[in-house]
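Notes to accompany the following structure.
The numbers here are math on the coordinates, done by the rules we state, and not lab data. As the structure is a computational prediction, the values presented were derived from the model and not from experiment. Cβ: placed from backbone, ideal geometry, glycine included. Neighbour counts: every protein chain shown.
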Amino acid sequence: GAVVSQHPSWVICKSGTSVKIECRSLDFQATTMFWYRQFPKQSLMLMATSNEGSKATYEQGVEKDKFLINHASLTLSTLTVTSAHPEDSSFYICSAYRLAGGGSSTDTQYFGPGTRLTVL
Amino acid sequence: DAKTTQPTSMDCAEGRAANLPCNHSTISGNEYVYWYRQIHSQGPQYIIHGLKNNETNEMASLIITEDRKSSTLILPHATLRDTAVYYCIPYFENEKLTFGTGTRLTIIP
């Protein structure tokens, strides 16, 4: 259990285009999902917290108009990188927050496999 | 958020137990200790978590000191697939998971 998927696993796009990344919790419902970004040889950095049915909360320094987040259902959150530029090239990872129960003693975040974005 | 200190890197022979230490001396009373690992070019994988008692699951064992200021993740029989960066993260529900630099564990054939 506790499987999180991401689509696509990789994408190459031209500068100025928009890219949408999907994050799905496959076997549990997640009222909260998180989006992270990871540059080469660096650790994961939280970009935003996505709550089902409400606006996302962005970390300091993350442009909310550039990184659009939609959490339309309890199993799906999307991240759209608008007007992508080469500096947006990175590894984008989502996580879904699974509440305690089903054998787990406390709430746990489970991560997707990541999406590698390359902007030319 | 509690800060953690982990070795930058460690090597372990295949088949031996890998013991990964973590210091979290400023952990608060309600924070659990979570361990994740990240294999190259993949998303982090949840391993185990604990509060005060030692924990064991199919992947690993977690030993937490009585004062909760440090813990050790034990992979009992390391394989080449265990080569990854391991993160120790104090965490309480609804907090943000803050990833440090972790320990790069290399399993040697």
- Message: For chain A, compute the orientation-averaged projected area of the C-alpha convex hull (one quarter of its surface), in nm².
- Response: 7.3
- Query: Suppose every K and R has +1 on its Cβ and every D and E has -1 on its Cβ; what is the size of the dipole of the protein assembly as shown about the Cα centre, in Debye to the nearest 20?
  - Reply: 440
- Run the numbers on chain A and let me know its relative contact order in percent, using alpha-carbon pairs under 8 Å that are six or more apart. 35
- Full extension between A:Lys66 and A:Ser15 adds, at 0.36 nm per residue less the Cα distance, a length in nm of 17.0 nm
- Once both labels are modelled 7 Å past Cα along the beta-carbon direction, what's the B:Ala17-A:Leu120 spacing in nm? 5.3
- Using only atoms on other chains, find how many Cβ atoms lie within 10 Å of each Cβ of peptide A:43-55 and report the average. 2
- Note on the structure: On each of the three principal axes the extent of the alpha-carbon atoms of chain B, given in whole Å and largest first, is 40, 28, 23
- Message: Please enumerate, by chain and number, the lysines with C-alpha under 17 Å from the C-alpha of A:Lys66, excluding those fewer than 8 residues away in the same chain.
- Response: A:Lys14, A:Lys20, A:Lys55
- Note on the structure: The ³J(HN,Hα) series, computed from each phi in the range A:44-54 with the Karplus coefficients 6.51, -1.76 and 1.60 at θ = phi - 60°, rounded to the nearest Hz and given as x for glycine or proline, is 6, 10, 5, 9, 6, 10, 10, 10, 4, x, 9
- Query: Other chains near B:36-46: what is the mean number of their Cβ atoms within 10 Å of each residue's Cβ?
  - Reply: 6
- According to the Cβ-distance criterion of 4.7 Å, cysteines of chain B with no possible disulfide partner are B:Cys12
- Task: Let me know the Rg and Dmax you get for the protein assembly as shown when you use only its Cα atoms, in Å.
- Result: 17.8, 55
